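Enquirer: Quick one: the structure is below, questions incoming.
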Amino acid sequence: MNTDRGYGLTQRQSLRFLLALFLLAGLASVTHPLGGQDRSQSMAGVLNDSAQRITVRIYNYARVPKPLLDRAEIEASTIYDRAQTAIEWLDCPLTQAQVANYPDCQRPFGPTDYVLNLLPEKMARHTSLEDTTFGFAQLSSEGARSYFASVIYDRIAAAAESNGLSAYQLLGHAMAHEMGHLLLGTMSHTPSGLMSARWGPNELNVIARSYLLFSTSQSREMHTEILARAE
């Protein structure tokens, strides 16, 4: 089992933190600003019949407030909508006693289902990751498919505040990034964009106003992977 090294903060530069991403991916693209468009609006209306669909089961160990998590899910969904991939988000129980309250999450785990854990700092300390790491995806070896990824919410929230971003903006992009690793199945870096090795001022400015996106070739690769899993 290979685990990517996550993403976190670099040293202070020009009195601001840069966001370091030691995650793994292919080429990504940057969008233009949205102007007056409300970024909270879902892009589901742009999907067509060729769109691929996946399900992501959320385990919110970090207790991220639901309104914030809802907006982060919309943020991530918009990024995937632009790649013609629709996401169904399922909130899942954290204890056996809560199972009855989450009936949707009791469906059988399907071939296009994934798990995304939202971890607090105290749980992240039990991993072997550096304290600057923001998240990680567990990539299976020997060609096996991967299903599990995590983000460390406390670090994301702190970084968002340090860089003048809303926590939901950075969390949504982090969720999209981690899921990108699972769907692309790659452990490589990119020079810039959503799946880059480092989110610097350019990427942070785009996140604040708009979205970092997958490239056309990445979208095709993800579609191929989803179809292969479904079949």
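Enquirer: Working from the pairwise distances between different alpha carbons, so that the mean of 1/r is found and then inverted, what is region 140-231's Kirkwood radius in Å?
Expert: Working: mean 1/r = 0.0699 Å⁻¹.
Result for region 140-231, one decimal place: 14.3 Å.
Enquirer: With a 1.4 Å probe and every protein chain left in place, tell me how much accessible area Phe148 has, in Å² to the nearest 10.
Expert: Approximately 90 Å² of Phe148 is accessible to the 1.4 Å probe.
Enquirer: Something else about it: For region 187-231, just the Cα set please: Rg and Dmax, both in angstrom.
Expert: Answer for region 187-231, Rg first and Dmax second: 13.2, 41 Å.
Enquirer: Can you tell me, using C-alpha contacts under 8 Å and at least 6 residues apart, the relative contact order of region 50-178 as a whole percent?
Expert: 32 percent
Enquirer: Please calculate how many Å² of accessible area region 66-128 carries per residue, with a 1.4 Å probe and no DNA, RNA or ligand atoms counted.
Expert: Details: 3150 Å² over 63 residues.
Using a 1.4 Å probe on heavy atoms only, each residue of region 66-128 averages 50 Å².
Enquirer: Taking just the alpha-carbon atoms of region 76-206, what radius of gyration and Dmax come out, in angstrom?
Expert: Just the Cα atoms of region 76-206 yield Rg and Dmax of 15.6, 46 Å.
Enquirer: Here is a follow-up. When the solvent-accessible surface of protein heavy atoms is calculated with a 1.4 angstrom probe, in what order do Met123, Met222 fall, highest first? Please list the in-between numbers first.
Expert: On the way: Met123 70, Met222 0 Å².
Putting Met123, Met222 in descending order of accessible area: Met123, Met222.
Enquirer: So, with a 1.4 angstrom probe, what is the percent of accessible area on region 81-137 that is carbon and sulfur?
Expert: 50 percent
Enquirer: Report the gain in length on full extension from Leu94 to Ser140: 0.36 nm times residue separation, minus Cα-Cα distance, nm rounded to one decimal.
Expert: 14.1 nm
Enquirer: Here's another thing I want to ask about it. Please report, in whole Å, how far the alpha carbons of region 62-113 spread along each principal axis, starting with the longest.
Expert: Sorted from largest, the Cα extents of region 62-113 read 38, 29, 14 Å.
Enquirer: A further question follows. Mind ordering 113-122, 86-95 by average Cβ neighbours within 10 Å, highest first?
Expert: Packing order, densest peptide first, comes out as 113-122, 86-95.
The values are calculated or read from the model by the stated rules, or taken from the named source; none is laboratory data. Owing to the predicted nature of the structure, the values given are computational and were not obtained by experimental measurement. FYI the Cβ positions are ideal-geometry reconstructions off the backbone, even for glycines, and counts take in every protein chain you see. To get the accessible areas, we keep the full protein, side chains included, count just its heavy atoms, and leave off ligands, DNA and RNA. Shrake-Rupley method; radii C 1.70, N 1.55, O 1.52, S 1.80 Å.
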